[in-house]
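To start, the structure itself, in structure tokens.
The values are calculated or read from the model by the stated rules, or taken from the named source; none is laboratory data. Bear in mind the structure is a predicted one, so any value in this text is a computation, not a measurement. Here Cβ is always computed from backbone atoms with ideal geometry, including for glycine, and neighbour counts include all displayed protein chains.
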């Protein structure tokens, strides 16, 4: 084929010489229409979420018919639903994007002052006693920029250095950090929570496995785990919106709604009795909550160690 000259244009598709706009050999348009920004945005949504075809059906059945979507995910009904992994990734992306836009925090602590002097002391049995204040956990609520009462901060700081028990000192140091620098902890939660969930999803599937017999494929339990975490993400968005608009009981509503969805999902997905679904759903939630409480305790101790000097707990 002769090289292209300045006066001769070749078709980008087949290489034939062009006479006019369209190629006489293959019909290729030499001047394709320019794509507007709205088309790029729609293309991004479609590739990331399969937005135009799958999201409406997926969202509807996630909310109204969990059994149907679970069976569809297991049977590979990709004409109707997002794939299990894409469903989870989409939900997690939307959830953490929602937190960033609205300023909602997954967990923060608020100091509440009561009557009397502020005292933080260690009792004879090794426990810590706090008087004159209490610390309330706030979940799925907008971040509170208020600083803690100076007397409370001073008492926590002093006790975190001077109590005899090292575990109590570590706990109070983490508590002080939580009330003084909530944004630091929120940033780390946003960083580590998605990673932890990816690691814990197989654990969630393994929790289900012995309850429903080894005859069921482990892959089926993993699909259920992906669905369960997706549902939890979306319910937490609803709980945060409830907290922003009305009474601060969003977390309670999230946990109650999730248990209902979990029970329905177990019953319709595995096909056993309602009584068994209720009992096994309770066992799964209790075990998973225990895992998260343990990880949360380790996380806050790690936060204390991360932002304190190396010799904070170990002095001569």
Exercise. Go through the range 94-121 and count every residue that is touching a strand residue (DSSP E or B) at 6+ places or on another chain (Cβ under 8 Å), part of a helix (DSSP H, G or I) and exposed (fewer than 12 other Cβ atoms within 10 Å of the Cβ).
Key: 0
Self-check item: Residue list for the range 77-88, restricted to those being in a helix (DSSP H, G or I) and surrounded by fewer than 19 Cβ atoms within 10 Å (Cβ to Cβ)
Solution: 85, 86
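So that you can scan it fast, the table gives a plain yes or no per residue for (1) buried (at least 20 other Cβ atoms within 10 Å of the Cβ); (2) in contact with a strand residue (DSSP E or B) (Cβ under 7 Å, 6 or more places away or on another chain); (3) at pLDDT below 80; (4) outside the structural domain of residue 58 (by TED's automatic domain parsing):
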{"position": "175", "(1), (2), (3), (4)": "yes, yes, yes, no"}
{"position": "178", "(1), (2), (3), (4)": "yes, yes, yes, no"}
{"position": "184", "(1), (2), (3), (4)": "no, no, yes, no"}
{"position": "195", "(1), (2), (3), (4)": "no, no, no, no"}
{"position": "198", "(1), (2), (3), (4)": "no, no, no, no"}
{"position": "203", "(1), (2), (3), (4)": "no, no, no, no"}
{"position": "206", "(1), (2), (3), (4)": "no, no, no, no"}
{"position": "212", "(1), (2), (3), (4)": "no, no, no, no"}
{"position": "226", "(1), (2), (3), (4)": "yes, no, no, no"}
Self-check item: For residue 216: the one exception among (1) over 30 Å from residue 162 (Cβ atoms); (2) in a helix (DSSP H, G or I)
Solution: (2)
Quiz item: Can you name the residue in the range 269-280 that is in contact with a helix residue (DSSP H, G or I) (Cβ under 6 Å, 6 or more places away or on another chain) and in contact (Cβ under 8 Å) with a residue 24 or more places away in the chain and, of all such residues, is surrounded by the fewest Cβ atoms within 10 Å (Cβ to Cβ)?
Solution: 270
Practice problem: Select, from 159, 124, 91, 137, the only residue that is in a helix (DSSP H, G or I) and more than 21 Å from residue 264 (Cβ to Cβ). | Solution: 159
Self-check item: Any chance residue 283 is modelled with pLDDT of 90 or more and surrounded by 15 or more Cβ atoms within 10 Å (Cβ to Cβ)
Solution: no
Exercise. Kindly indicate whether any position in the range 296-304 is at pLDDT 80 or above and touching a strand residue (DSSP E or B) at 6+ places or on another chain (Cβ under 9 Å).
Key: yes
Practice problem: Considering only the range 42-60, state which residues are surrounded by 11 or more Cβ atoms within 10 Å (Cβ to Cβ) and at pLDDT below 70. | Solution: 42, 43, 44, 45, 46, 48, 49, 50, 51, 52, 53
Quiz item: Of all residues in the range 229-254, how many are free of Cβ contacts under 8 Å to residues at least 60 places away in the same chain and either in a helix (DSSP H, G or I) or surrounded by 19 or more Cβ atoms within 10 Å (Cβ to Cβ) (or both)?
Solution: 8
